[in-house]
Amino acid sequence: MTGMAMTYAFDFQTVIRNLPPLFEGLWVTLQLTAAANLIGLSLGFVVALLLMSKRRMVQLPTMLFVEFFRCTPAIVQIVWFFYCVPILFDVFLGSITMGILALGLNLAAFNAEAYRAAVQAVPREQIDAGIALGLNPLQRILYIVLPSAFRAAIPVLLTNGIGIFQQSALVAIVAVQDLMYQGKSLATETYRPIETFTIIALIYFMVSFPISQMVGWLERRHERMAR
């Protein structure tokens with residue numbers, strides 16, 4: 001049986017003429033990403049501090065929280081939030097809110113590890129100086145530990161932020177009208193899946209690439225300062 005060459009006539013113009021829905025979806029994706037990063041950056045630091053607690057009653061449940069989100073697929077977490085939380089806890093929130101919570105808690109778990117490593121690297125001399133100045137434990141955390149740890153963890157936090165931007169595409173399976181959801185709808189309507197998903201991939205790339213370059217620059221800058 002001889003092979004038959006497949007011919008396919010690319011038609012990107014059809015997709016380009018229908019870009020507005022994709023831009024609407026991108027706006028939803030960016031909202032999800034920004035809100036999830038806000039949760040991940042703030043809650044992640046709190047979780048890191050709880051992980052370093054000397055009290056097992058605090059440390060153990062926090063560790064379980066982190067390991068749950070680190071060791072289960074993000075798609076399972078999203079589906080669980082959308083379908084199980086309303087049933088188990090009688091809590092009914094909007095689809096975008098549920099997406100933000102699922103992505104934000106996932107990011108907080110990963111950011112917590114980045115923060116913990118950065119907190120442990122804070123020089124003891126800085127903390128001792130805070131004690132000498134009469135700062136209480138909360139003030140030392142806010143004015144000494146947090147700024148130093150945040151600066152040291154920025155490259156990892158940005159990398160995690162890019163990851164959550166990309167993972168936000170998973171919310172399309174629960175009908176959140178993000179970029180991927182709009183892309184799937186457009187591909188179905190136009191019968192141009194190759195062109196549609198190629199453009200979607202380019203959109204994700206154009207948003208992620210500059211941030212990834214910034215991460216590389218920050219890492220090189222940190223290495224130079226550490227020498």
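The values are calculated or read from the model by the stated rules, or taken from the named source; none is laboratory data. Predicted model, so just to flag it, every value in this text is computed and none were measured. Cβ placement follows ideal geometry from the backbone for every residue including glycine, while neighbour counts extend to all protein chains displayed. For the accessible areas, the whole protein counts, side chains as well, though only heavy atoms, and no ligand, DNA or RNA atoms are used. Shrake-Rupley method; radii C 1.70, N 1.55, O 1.52, S 1.80 Å.
Numbers for the structure displayed
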item	result
Heavy-atom accessible area per residue - the chain, 1.4 Å, Å²	60
Solvent-accessible surface ranking, highest first, for Cys71, Cys84 at 1.4 angstrom	Cys71, Cys84
For region 53-134, size of Cβ-based charge dipole, Lys and Arg +1, Asp and Glu -1, in debye	220
Carbon/sulfur fraction of accessible area - region 68-164, other protein chains in place, 1.4 Å, %	69
About the Cα centre, charge dipole magnitude for region 6-95 (Lys/Arg +1, Asp/Glu -1 at Cβ), debye	480
Relative contact order for the chain, counting Cα pairs under 8 Å that sit 6 or more residues apart, in percent	30
Using θ = phi - 60° and Karplus 6.51 cos²θ - 1.76 cosθ + 1.60, couplings along region 182-190 (whole Hz; Gly, Pro as x)	5, x, 4, 5, 5, 4, 5, 6, 9
Low-density loop cleavage sites - chymotrypsin sites (Phe, Trp or Tyr not before Pro) in region 1-98, where at most 14 other Cβ are within 10 Å (DSSP)	Tyr8, Phe10, Phe92
3J(HN,Hα) from dihedral phi, region 145-155, Karplus parametrisation 6.51/-1.76/1.60, rounded to Hz, x for glycine, proline	5, 4, x, 5, 5, 5, 4, 5, 8, 3, x
Positive-end extreme of charge dipole, the chain - chosen from Leu88, Asn111, Leu202 (charges on Cβ)	Asn111
For the chain, calculated [θ]222 nm from helices alone, where every DSSP H run of n ≥ 4 adds -39500 (n - 2.57)	-26500 deg cm²/dmol
Largest-first ordering by accessible area, 1.4 Å probe, given options Asp178, Asp90, Asp11, Asp128	Asp90, Asp128, Asp11, Asp178
